[in-house]
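The values are calculated or read from the model by the stated rules, or taken from the named source; none is laboratory data. Not measured: the values here are computed from a predicted model. Neighbour counts are summed over all protein chains in view; Cβ atoms, including those assigned to glycine, are modelled from backbone coordinates with ideal geometry. The accessibility values were calculated without ligands, DNA or RNA, using every heavy atom of the protein model including side chains. Shrake-Rupley method; radii C 1.70, N 1.55, O 1.52, S 1.80 Å.
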Amino acid sequence: MTNERIRVENVVKLFGDNAATGLALLTSGKGKDEIHDETGAVLGLDNVSFSVNEGEILVVMGLSGSGKSTMLRCINRLIDPTSGSIKVDGTEVTTLNHRDLLEFRRAKFGMVFQHFALFPNRTIAENVEYGLEVQGVSRTERRNRALSAIELVGLKGWDSRYPSQLSGGMQQRAGLARALAVDADILLMDEAFSALDPLIRREMQDELVALQRKMKKTIVFVSHDLDEAIHLGGRIVLMKDGRIVQQGYPEEILTNPQGDYVRRFVENIDVSSVITLGRLALRDPPGLLRSASARDVFPQLGNRKTDIYIVTCDRNMPVGRITRDALAGSSDGAPIDRLMQSGVATAKASDVLKTALPRLASEPGGIAIVDDDGRYVGIVTQAMALRALAGTAGAIDTPDESGDASWTGQFPNSPSTDTATTPSPGSQPTFRM
Ligand SMILES: Nc1ncnc2c1ncn2[C@@H]1O[C@H](COP(=O)(O)OP(=O)(O)OP(=O)(O)O)[C@@H](O)[C@H]1O
Ligand SMILES: [Mg+2]
């Protein structure tokens, strides 16, 4: 079961003194411009709903003025929404009184802004300690916690320097350390890496993903950069004029953009260099254990019509391939490894499609996708790759050969990565075969 941390429902934000009148106009179907003309109120958010699961990086994306920062700030109520509900771990944030809100904010959230706002007259350690100081944590404990956060973001040894002695990228790391030190497990990050040059920015993105995996943080990350959103790897909520125009995993948005606005966002993205094999892989059928017999294995195949199956050893490493015909022609109890073709082309789930294209071209049956430890996670066929490249809807579902069973997608970076071979219905988008 997926653990939902944040649920945002029908949130509206109108800025200005006439918010109530504006809300009535909005309810009666008036748009942003009309509301502004009639009341002076600015519609920042227009019925926004989404949720964030534990251990997920959700990226809120959109052009300037689309409402990203407003949305993020409503979550910890730095901005009060005009109407709607925001639940964090089941607590309705919109109705908390001032004191409870401060406490709740401290306990749950770390926040990182684009302009990291380090105090210039404090050392890095003192800056990182700031949140703990506010919480009244003792001097020794806060120093220890600050030093481990500083180490975590790769700034070990820089704790007694001042911000001006650090590069922009290092200051950004210090900002991140400050958010991590308070040990809040929900991080709200607003254009946190936008001020960094591209190389350092990519490095920070990688580091954030690594940190998130290690520390199981739940992250809401605002960005106007699709490339960044894709690289962070979680779901994307795409906003326009205060509304969500599409939400889903990058590959869903890339291959099935809804409307011109989304299409314009994705048109310059080279799908093959962003979609990873792990995302593309068909997670079902499972690897077939080499010591199993055709008699045992056949019933497991159900009505899947994949032509080739990957055979694995008992540690789930691919060791060969076997055709469906070979299995069908042998219903005895002998191990299937005598029927398999030894050796199988593999590629890592974290590799992008582009790098695997040459290999895929010479492997008509597809290649086995493995995780970092070499364990089988799924198969990518030529048909799947072609459909992804063509940018056609449904490119990431299943190969033509498949039957009519439903498959529940599982993706790297999602909270259920560890259980990639045992999909949990409801927690992930479902594609039909
Ligand atoms: N305090 C405010 N008073 C009035 N209008 C506001 C206020 N804050 C935001 N807005 C308006 O709300 C809308 C959404 O703004 P928001 O700052 O959330 O956009 P954004 O997507 O974060 O943009 P950017 O990428 O430029 O940071 C805009 O039309 C903006 O002008
Ligand atoms: Mg903003």
Inset, instruction - Take ARG142 and decide whether it is crowded, with 19+ Cβ neighbours inside 10 Å and of a type in the set (Lys, Arg). - result: yes
Inset, instruction - Identify, by number, the condition in (1) within 21 Å of VAL112 (Cβ to Cβ); (2) more than 11 Å from ligand 1 (Cβ to nearest atom); (3) of a type in the set (S, T, N, Q) that SER49 doesn't meet. - result: (1)
Legend entry - Looking only at segment 146-176, and only at residues there that are part of a loop (DSSP other than H, G, I, E, B) and open to solvent by less than 60 Å² (accessible area, probe 1.4 Å), the one that is nearest to LEU58 (Cα to Cα): VAL153
Inset, instruction - Scan segment 188-208 for residues that are open to solvent by 10 Å² or more (accessible area, probe 1.4 Å) and assigned to a strand (DSSP E or B) and jot them down. - result: ASP190
Legend entry - Condition met for THR276 (over 27 Å from LEU196 (Cα atoms), more than 16 Å from ligand 2 (Cβ to nearest atom) and modelled with pLDDT under 90): no
Inset, instruction - Kindly indicate whether ASP80 is touching a strand residue (DSSP E or B) at 6+ places or on another chain (Cβ under 9 Å), under 30 Å from VAL182 (Cβ atoms) and surrounded by fewer than 16 Cβ atoms within 10 Å (Cβ to Cβ). - result: yes
Legend entry - Extreme residue, surrounded by the most Cβ atoms within 10 Å (Cβ to Cβ), among residues of segment 115-139 that are out of contact with any Lys or Arg (no Cβ under 7 Å at 6 or more places or on another chain) and part of a helix (DSSP H, G or I): GLU126
Legend entry - Residue among HIS231, HIS224 that is over 19 Å from GLN171 (Cα atoms) and more than 15 Å from ligand 1 (Cβ to nearest atom): HIS231
Legend entry - Unique match (being at pLDDT below 90 and touching a Ser or Thr at 6+ places or on another chain (Cβ under 8 Å)) among GLN135, GLN114: GLN114
Inset, instruction - Sort out which residues of segment 78-114 are part of a helix (DSSP H, G or I) and among the hydroxyl-bearing types (Ser, Thr, Tyr), and write them in order of number. - result: THR94, THR95
Inset, instruction - Could you tell me whether any residue of segment 177-187 is within 16 Å of ligand 1 (Cβ to nearest atom), within 22 Å of VAL59 (Cβ to Cβ) and in a loop (DSSP other than H, G, I, E, B)? - result: no
Legend entry - Subset of segment 1-27 that is at negative phi, in contact with a strand residue (DSSP E or B) (Cβ under 6 Å, 6 or more places away or on another chain) and not hydrophobic (A, V, I, L, M, F, W, C) - its residue that is nearest to ligand 1 (Cβ to nearest atom): LYS13
Legend entry - Odd one out for GLN171, checked against (1) touching a Pro at 6+ places or on another chain (Cβ under 6 Å); (2) of a type outside the set (D, E, K, R); (3) within 16 Å of ligand 2 (Cβ to nearest atom): (3)
